[in-house]
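The values are calculated or read from the model by the stated rules, or taken from the named source; none is laboratory data. Only a predicted model underlies this, so the values are computations on that prediction, with no experimental measurement involved. Backbone-built Cβ (ideal geometry, glycine too); neighbour counts: all protein chains shown. To get the accessible areas, we keep the full protein, side chains included, count just its heavy atoms, and leave off ligands, DNA and RNA. Shrake-Rupley method; radii C 1.70, N 1.55, O 1.52, S 1.80 Å.
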Amino acid sequence: QVQLVESGGGLVQAGGSLRLSCAASGRTFNNYVMAWFRQAPGKERKFVAAISWSGGSTFYGDSVKGRFTISRDNAKNTVYLQMNSLNPEDTAVYYCAARYRTWDLHSYEYSYWGQGTQVTVSS
């Protein structure tokens, strides 16, 4: 089992920044690809970003490329999502997820999930 706890969400004005954190516990953190997904009200959960177990490779959804940066600190069992140039379309609940060894952009491929953290961007 892997337990994931997100933090760092909140209310921010358009153009602002937030950094989300996801603390992991349980099985060996650096065996897992870590990813962020988001879900807006009434919409399906969508891929935001993922990072390989080593941190050497990152992957981004088209809507966040150039604005968001995913990173991880395996010594702290934590993954981060730095979000810059936020706009109201980024408003959603953001979820941290873990998948063993390989990445995927489909949420159903991830075995472990956090409880989510709300990000609201006002115009």
- Query: Percent relative contact order of the chain, based on C-alpha pairs within less than 8 angstrom and at least six residues apart?
  - Reply: 37
- Query: If each Cα of region 12-59 is one equal point scatterer, what is log10 of I(q)/I(0) from the Debye formula at q = 0.22 Å⁻¹?
  - Reply: -0.98
- Once the Cβ-Cβ distance between Ser57 and Thr120 is put in as r, and R0 is 41 Å, what FRET efficiency do you end up with, to the nearest 0.05? 0.85
- Hey, can you find the accessible area per residue of region 13-123 for me, probe 1.4 Å, expressed in square angstrom? 50
- Mean shadow area (nm²) of the C-alpha convex hull around region 77-123 is 4.2
- Partner aspartates and glutamates whose C-alpha sits under 13 Å from that of Lys43, ignoring same-chain residues fewer than 8 away, are Glu89, Asp90
- Could I have the simple spin-label model distance between Arg101 and Ser71, label points 7 Å from Cα toward Cβ, reported in nm to one decimal? 2.9
- Item | Rg over Rh [alpha-carbon atoms, Kirkwood Rh] for the chain | 0.94
